[in-house]
Every structure is written in C-alpha cells, then in structure tokens.
Amino acid sequence: MRRTRICAAVVAVAVLTWPGVAAAAAPPANDDFDDATTVSGLPFTDVVPGADATTATDDPTACDGAISTVWYRFTPTRTGSYVATGTAEPYGAYLSIFTGTRGALTPVVCSSGTTVWPAEAGTTYYLMVSAFQWSPPGDFVFTLDGPSAIDVTLDPQGRVDPRTGVAQVSGTVTCRVTGWTMIRGVLRQRVGRLIISGGFASEVPVCDGTPRRWAADVTGENGIFAGGRATARVDAEGCPDALSCFSDVAEGTLRLSPRRAAGPGR
C-alpha cells in the first residue's frame, strides 16, 4: 500500500509538470462582484481572459442568463450619456448595468455589444460582462467612454465664389461620441425674387472632445449664391450604434463675402 501511494504522487507531479500539460489558470482579478475593477478615467479599455472566468451563485441574470462574468465599477463625475461596450471572442457577450449593492442590485440596462445609458453624477454603476450561454468565451473586451455630447456652431461670416456662385459655410464642432458623426445643413439666400437654397454635408473624422473646425461648400439647387446676407441651419449628429444617436442644432444669419479669384501664377 505504501508503494502504491508513492506511485500515485509521482504520477500527479508528472501530470502537472509534463510539457504541454497546463495547470488550471486563475480567474480574472475582477471575476467577482466584490473585486470589480474601478474605472478611474475615460476613455477606458480593459481586456481580460474570459475562459477562466466563473459565475457566482448570486450573480444577477444577464439578459438571457449569466455565465463567466467579470465586473467593473463606475461613478461618473458628470451627468450625461455614456457609451459602454462588452464583447467576447468569438461570438460576443452580454453587457448588464446595475445600481445598488450585492444581493440587491437594480437593473439599468441589459444589451449585447454596445449600449448607451444616461448616468447620474455621483451614482455608482456596476457593469457586468458575461458570455452567451451557448458560447464558450474567449477574451473579454470592455470599453467605456463619455459623456457623449455634440455641440456645433455656425460662423457669422461665409464666403462665395462670384464666378460660380458656390458658397462656403463653416463653424466649430465639439463632440465625444464613439462611432459615426456627421454635420448636415442647408443654406438659403434671397437673390432678387428667388430664394436660393442648397444643402451641404461634412463628416467629422475625429470626435474626442476637442473643438474642431468644420467647413462645407454649398451649391445652389435653383440658382447661384451671391455676396450678402443669408441664413443657415446646421445639424450635427453622432451615433455610437444603430439605435442611439446624439444631436445638436445651430442656425442663424451670416454674411457671404466674395472670395478673391486667384491671379495668374498663384
């Protein structure tokens, strides 16, 4: 019997140390609600291995069940709309948001992929990323940004090419939206008995909260623009996903000044 026990111990050591045989990995550091990772700055991104994440007996149900959960804690300093994304390779993940305390959590949002929710300053939100019940998770990827906002302005001075009648309007845009952002508008001007009208559009390539200049050329749809007074309306819209969009409007009067034509050799 003593020889048998020694052999069993040797076999166990061999299994743990044999090349190609890996010991079970530890769960992620934020595997449990009590160990939720604190989001201290935005934008925030975190990647953790989901294959070894576990499910606590008191984890709340996420949309359609919760398996392999990881947790994040976020207390915004400003009220606004925030954008969070939770994914897992290869098929995706649920992202659930709660307030309250362990065992007494109140659901706020439950979605898959990206979600936008209105958060109150000073309120602590708990965000749980969990794998689909039918999909073994790969790496969990969690991102958080916000508050999402757009602010667009219209310059009181525009330009017009006296030869072609093409006008140019401009302004500033300040936005903090993850995803697609576009500026659209319409310029109108009375020229004689006609009201010349033309639409314009300009994409915002970077939307990181920094004020940026935008400009767009406008061609009249029923005539040509001229120097003088005109009116414009500008709509800025940003969409973090297909279901959530933010917008702002600027409208007012501006003056179109003739642009000097470039001389020979210029």
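The values are calculated or read from the model by the stated rules, or taken from the named source; none is laboratory data. These figures come from a predicted structure and were not determined experimentally. When we count neighbours, we look across all protein chains shown, and the Cβ atoms used for this are built from the backbone with ideal geometry, even at glycine. Only protein heavy atoms, including side chains, enter the accessible area calculation; ligands, DNA and RNA are left aside. Shrake-Rupley method; radii C 1.70, N 1.55, O 1.52, S 1.80 Å.
Using beta carbons and a limit of 6 Å, which pairs, at least six apart or on different chains, have the first residue in the range 103-122 and under 21 Å from THR77 (Cα atoms) and the second one open to solvent by 50 Å² or more (accessible area, probe 1.4 Å) and among the basic types (Lys, Arg)?
Note: pairs meeting the criteria are ALA121/ARG78.
State the number of residues belonging to the range 65-96 that are within 26 Å of ASP151 (Cβ to Cβ) and touching a Phe, Trp or Tyr at 6+ places or on another chain (Cβ under 9 Å).
Qualifying residue count for the region: 8.
I'm trying to understand the selection: among the residues of the range 103-148, which are in a strand (DSSP E or B) and β-branched (Val, Ile, Thr)?
THR106, VAL108, VAL109, THR114, THR115, VAL116, VAL129, VAL141, THR143
Among the residues of the range 45-60, how many are surrounded by 14 or more Cβ atoms within 10 Å (Cβ to Cβ) and not in a strand (DSSP E or B)?
8
Of all the strands (runs of 3 or more DSSP E) wholly in the range 159-266, which have at least 1 residues that are at pLDDT below 95 and of a type in the set (Asp, Glu)?
In the range 159-266, the matching strands (runs of 3 or more DSSP E) lie at 194-203, 228-239, 246-258.
Between a residue in the range 79-101 that is modelled with pLDDT of 90 or more and any residue that is not acidic (Asp, Glu) and not in a strand (DSSP E or B), which pairs come within a Cβ distance under 6 Å, given they are 6 or more apart or on different chains?
TYR94/ALA62; TYR94/CYS63; SER96/ALA62
Of everything in the range 200-216, what is open to solvent by 20 Å² or more (accessible area, probe 1.4 Å) and touching a Gly at 6+ places or on another chain (Cβ under 7 Å)? Give them in sequence order.
If the condition is that a residue be open to solvent by 20 Å² or more (accessible area, probe 1.4 Å) and touching a Gly at 6+ places or on another chain (Cβ under 7 Å), then CYS207 is the only one that fits.
Which residue pairs have Cβ atoms closer than 7 Å, lie 6 or more positions apart in sequence or on different chains, and pair a first residue in the range 212-237 that is hydroxyl-bearing (Ser, Thr, Tyr) with a second residue that is open to solvent by less than 10 Å² (accessible area, probe 1.4 Å)?
Correct list of pairs: THR219/GLY198.
Could you list all residues from the range 149-158 that are assigned to a strand (DSSP E or B) and buried (at least 16 other Cβ atoms within 10 Å of the Cβ)?
ILE150, VAL152, GLY158
Taking THR101 and the conditions (1) more than 12 Å from PHE33 (Cβ to Cβ); (2) more than 18 Å from the chain's Cα centre (by Cα), which numbered condition does it fall short on, given that it satisfies the others?
Condition not satisfied by THR101: (1).
Across the range 70-81, what is the total count of residues that are surrounded by 20 or more Cβ atoms within 10 Å (Cβ to Cβ) and in contact with a Pro (Cβ under 9 Å, 6 or more places away or on another chain)?
Number satisfying all stated conditions: 1.
Cβ-Cβ below 6 Å, separation at least six or inter-chain, first residue in the range 36-63 and charged (D, E, K, R), second part of a loop (DSSP other than H, G, I, E, B): which pairs?
Final answer for the pair search is ASP52/ALA25; ASP52/PRO27; ASP58/GLY103; ASP59/ALA66.
Quick check on the range 116-147: of everything there that is at pLDDT below 85 and open to solvent by less than 10 Å² (accessible area, probe 1.4 Å), which residue is farthest from GLY41 (Cα to Cα)?
Taking the candidates together, the pick is SER135.
For the range 223-238, which positions are touching a Gly at 6+ places or on another chain (Cβ under 8 Å), open to solvent by less than 50 Å² (accessible area, probe 1.4 Å) and under 9 Å from ALA250 (Cα atoms)?
Within the range 223-238, ALA232, VAL234 qualify.
Of all residues being open to solvent by less than 50 Å² (accessible area, probe 1.4 Å) and among the aliphatic types (A, V, I, L, M) in the range 102-115, which is nearest to CYS63 (Cα to Cα)? Just the residue, please.
Looking at the filtered set, the residue picked out is VAL109.
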